[in-house]
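Reviewing the structure listed below.
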Amino acid sequence: MNWLRLLPAIVVVALVAIFAWLLVGPERVSDDPMVGQPVPSIALAALEGRAGFDPAAIEGPYLLNIWGSWCPPCRAEHPLLMRLSEEGIPIYGAAWRDSPENAGRFLAELGDPFAGVVLDPRGELVIALGVTGAPETFIVDADGIIRARHAGPLTPQTLQRDIMPVWNEVTGG
């Protein structure tokens, strides 16, 4: 009879364990509706003085990073983007709901890791990609197909765990 008194506590602990596993368990990038889809081709203006971003014109795999100068996590991940760029990984950027002045200042201050940068002031590309918040990074293969998506700032751990295995797969590296 004493175990019946513990039953509510056991149920609560079990539910907490299930929810915790769902939150921090293995990522299911294959569940993302954009994985396996082509990058949407939306005409957006390039940030002044820089190349733009046209998915149809890009050869080879690349990363697509959604960012904003107003975004503290974007600032935090920026050194990793710089490192990836220095290692020869092509990265394109979309400055979401940002002004050309602020986006330009951000890159002048922190460095420009991008092969091309577009401004997405109305969130057209962001909406088409299903972005929920900045930053987000997409891995795109040589055919322009999204192979993986990482929501949130890149960290050394997410690079090692989530980004580089897929990048190596799409590049044959």
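Read-outs: derived from the displayed coordinates by stated rules, not from any lab. In this text, all values refer to a predicted model and were calculated from it rather than measured experimentally. Virtual Cβ from ideal backbone geometry, glycine too; neighbours counted across all protein chains shown.
For L110 and Q160, the difference between the fully extended length at 0.36 nm per residue and the C-alpha to C-alpha distance is 15.7 nm. With R₀ set to 22 Å, the beta-carbon distance separating E87 from E48 gives a calculated FRET efficiency near 0.25. How much FRET efficiency would the formula 1/(1 + (r/R0)^6) give for T132 and S41, where r is the Cβ-Cβ distance and R0 is 30 Å, rounded to 0.05? For T132 and S41, the calculated efficiency is 0.90. Each of the peptides 133-145, 97-109 was scored by the mean count of other Cβ atoms within 10 Å over its residues; in descending order, highest first, they stand as 133-145, 97-109. Classify the range 113-156 as rounded, prolate or oblate, taking a ≥ b ≥ c as the square roots of the eigenvalues of its Cα gyration tensor: rounded when a/c is under 1.5, otherwise prolate if a/b is larger than b/c and oblate if not. Since a/c stays below 1.5, the shape of the range 113-156 is classed as rounded. A compact globular protein would have a Cα radius of gyration near 2.2 N^0.38 Å; the ratio found for the range 62-152 is 0.99. Taken along its three principal axes, the alpha carbon spread of the range 36-106 comes to 29, 27, 25 Å, from the longest extent down to the shortest. In this structure the amide hydrogen of E136, modeled in the peptide plane, comes within under 5 Å of the amide hydrogens of I66, G152, none closer than 5 places in sequence on its chain.
Along the range 99-108 the Karplus relation, 6.51 cos²θ - 1.76 cosθ + 1.60 evaluated at θ = phi - 60°, assigns HN-Hα couplings of 8, x, 5, 5, 5, x, 4, 4, 6, 5 Hz to successive residues, with x for each Gly and Pro. In order along the range 163-173, phi translates into HN-Hα couplings of 8, 4, x, 6, 4, 4, 5, 6, 9, x, x Hz, rounded to whole numbers, per the Karplus curve 6.51 cos²θ - 1.76 cosθ + 1.60 with θ = phi - 60° and x for Gly and Pro.
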